[in-house]
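Since every read-out is calculated from the coordinates, none of them should be taken as a lab result. Source: prediction; values computed, not measured. Cβ placement follows ideal geometry from the backbone for every residue including glycine, while neighbour counts extend to all protein chains displayed.
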Number of protein chains: 2
Amino acid sequence: MHRHIADALYREILSGRHPPGARLPAEVELAERYGVARGTVRQALADLGADGVIASRKGARRVVLGLPLTQSFSELLSFSAWARALGEEPRGRVVELTRREATAVDADRLGLPVGETVYYLVRVRLLSDTPVMIERTTFPGPIGEMVATFELERESIFEELGRRGVDLARARHQMEAIPATAEDSRLLGLRRAAPLLRERRTTSSTAGERLEWSDDRYRGDAVSFAVENAVAARSVGRLLSAFGEGGREG
Amino acid sequence: MHRHIADALYREILSGRHPPGARLPAEVELAERYGVARGTVRQALADLGADGVIASRKGARRVVLGLPLTQSFSELLSFSAWARALGEEPRGRVVELTRREATAVDADRLGLPVGETVYYLVRVRLLSDTPVMIERTTFPGPIGEMVATFELERESIFEELGRRGVDLARARHQMEAIPATAEDSRLLGLRRAAPLLRERRTTSSTAGERLEWSDDRYRGDAVSFAVENAVAARSVGRLLSAFGEGGREG
DNA sequence: CAGTGGTCTAGACCACGTG
DNA sequence: ACGTGGTCTAGACCACTGA
């Protein structure tokens, strides 16, 4: 029910009925309108607040802030969802898919012993037939065996894993600017040492089990990442690293 | 009360009494321990969940995930807090502080009319006497007048504004990889076109009033940004932009 | 001063998980 | 089967906002 109310209010905001700056109806009024208790309305409003759509101050009606930068968690993980939101057909060219033994870096990232079997996948992702990103992903053996059966040129790995019941719950991202290596510039069609935005990511299950790690490199002129944070939602932070920490192992 | 309970539980987790992977006491048990209703305990646990400290699944006890990457909102904004966490003395060299008229970009970012008075501050920030970041910040007139009185070589602007009662509530960040301009490379002591991590940020009050915007450029080899997200906390997203969107106005 | 959101209480039912 | 978290109800008091 609270989800339904949040959706209804969000659609009203999208429709322009409550433009940015407008004040929303009071909680009691909404409770009456939807025939629910005030607590349920508050839960719906909390959902919208967490997305940065509305703000609240004690004593005053809630205010519409604007539209959130993204709607779903999966969009941060999924190149495919991002491409579709841009009106593009997500595509990927598989450069390499190998089964190999975990390196020290893999072992650290995935929480496995060195030498354990992992799957290594390299894909170049395209927008409008232009390469914009190189994806170098390592999966633990069991996940890799599933991934190897996917249609990697077209399917979204994350969406497909989700459909098969894999519990993708949390991700940790690390973002840096690096110069393109020889292979990077060849695959992306850029000059040597062009600036790339590197995102290194580790995805875990609810229980903390590591499900993949990836080194994704975006053309600097093709993409930007957005983060929004509020005082109440303290889930974003600057990594405590400097000078060489984080290495060059990619 | 819910804040007190959240703090108490967080301290218990920090102390190692509930190591990562451990299951927390049930809600009813905590309610009994603190002599409050179950709803109050749930509110405290929601606070910890938003910080990524614990996870919950229907039917099972809450699980401790680990420590968040950062404790406070101000750390993402504040170079000073970041430097201190690295054991460094935060320092900044003021390159420029001018009062000028708002450009179209300033007007858009700060929600002001073009030509309105703004303050423009350029600082080079140092770690271990090495320049690692250039900060180009624009403040609306009233905020700028306060900032102009600060000891800009040593003080943290955000911390100082907070102390003076300015309501810094929300920030929107955008991160990209760009090549260093001639001025960038001169101020940072890098070669031309070295990869930089650019963070553009707009900070707002609770009511949505814009308080500053900044174009910060970090040495690519000196810093990385970390983001952690969970399914429940949908506050982080990839910006929907590609190819030139976002401009080169810096 | 009336209205509003923030907080808390004391119940209740349900779907889910774990043992 | 039982305990657990997710959800919802129907009240209540307070601090704050805004007219």
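Annotation for A:V94, label-to-label distances across the other copies: 6.0 nm (shortest first, one decimal, point 7 Å from Cα along Cα→Cβ). Annotation note: GluC sites (Glu not before Pro) in segment A:116-148 located in DSSP loop regions with a Cβ neighbour count of at most 15 within 10 Å are A:E116. The orientation-averaged projection of the convex hull spanning the C-alpha atoms of chain B amounts to 16.0 square nanometres.
With its label point defined 7 Å out from Cα along the Cα-to-Cβ axis, A:S185 lies at 1.4 nm from the matching points of the other copies, in increasing order. Computed from backbone phi with θ = phi - 60° and the Karplus coefficients 6.51, -1.76 and 1.60, the 3J(HN,Hα) list for segment A:96-112 is 7, 9, 10, 9, 8, 8, 5, 7, 4, 5, 4, 4, 5, 5, 9, x, 10 Hz; x is used for glycine and proline. Rounded to the nearest 20 debye, the dipole size of segment A:1-70 about its Cα centre is 220 debye, using +1 on the Cβ of Lys and Arg and -1 on the Cβ of Asp and Glu.
Put simply, the amide H of A:A180, placed in the peptide plane, has neighbours under 5 Å in A:A193, A:A194, A:L196, leaving out anything fewer than 5 places away on its chain. Once C-alpha pairs closer than 8 Å and six or more residues apart are averaged by separation and normalised to the residue number of chain B, the relative contact order reads 14 percent. Modelled this way, with points 7 Å down the Cα-to-C-beta line, the labels at A:V95 and A:A8 are 5.1 nm from one another.
The order of B:F225, B:F139, going from fewest to most other C-beta atoms within 10 Å of their C-beta, is B:F225, B:F139. Taking trypsin sites (Lys or Arg not before Pro) as exposed when DSSP calls them loop and at most 13 other C-beta atoms lie within 10 angstrom, chain B has its longest site-free stretch at B:59-153. Cβ crowding within 10 Å ranks B:Y34, B:Y10 as B:Y34, B:Y10, fewest other Cβ atoms first. Starting from the label point of B:R164 at 7 Å along Cα→Cβ, the same points in the other copies fall at 5.8 nm, in ascending order. Segment A:85-158 and segment A:11-43 have Cα centres lying 43 Å from one another. Cβ-to-Cβ counts within 10 Å put B:S128, B:S224 in ascending order as B:S128, B:S224, the fewest first. Each principal axis of the Cα cloud of segment B:113-226 was evaluated for its coordinate range; sorted largest first, these ranges are 40, 32, 26 Å.
Max-minus-min Cα coordinates of segment A:1-131 on each principal axis give 61, 38, 24 Å, with the largest extent listed first.
Give me the one-decimal nm value for the distance between modelled label points at A:E88 and A:Q43, 7 Å along each residue's Cα-to-Cβ direction. Between A:E88 and A:Q43, the label points sit 3.9 nm apart. The Cα atoms of the protein assembly as shown give a gyration tensor whose axes a ≥ b ≥ c have a/c under 1.5, which makes the shape rounded.
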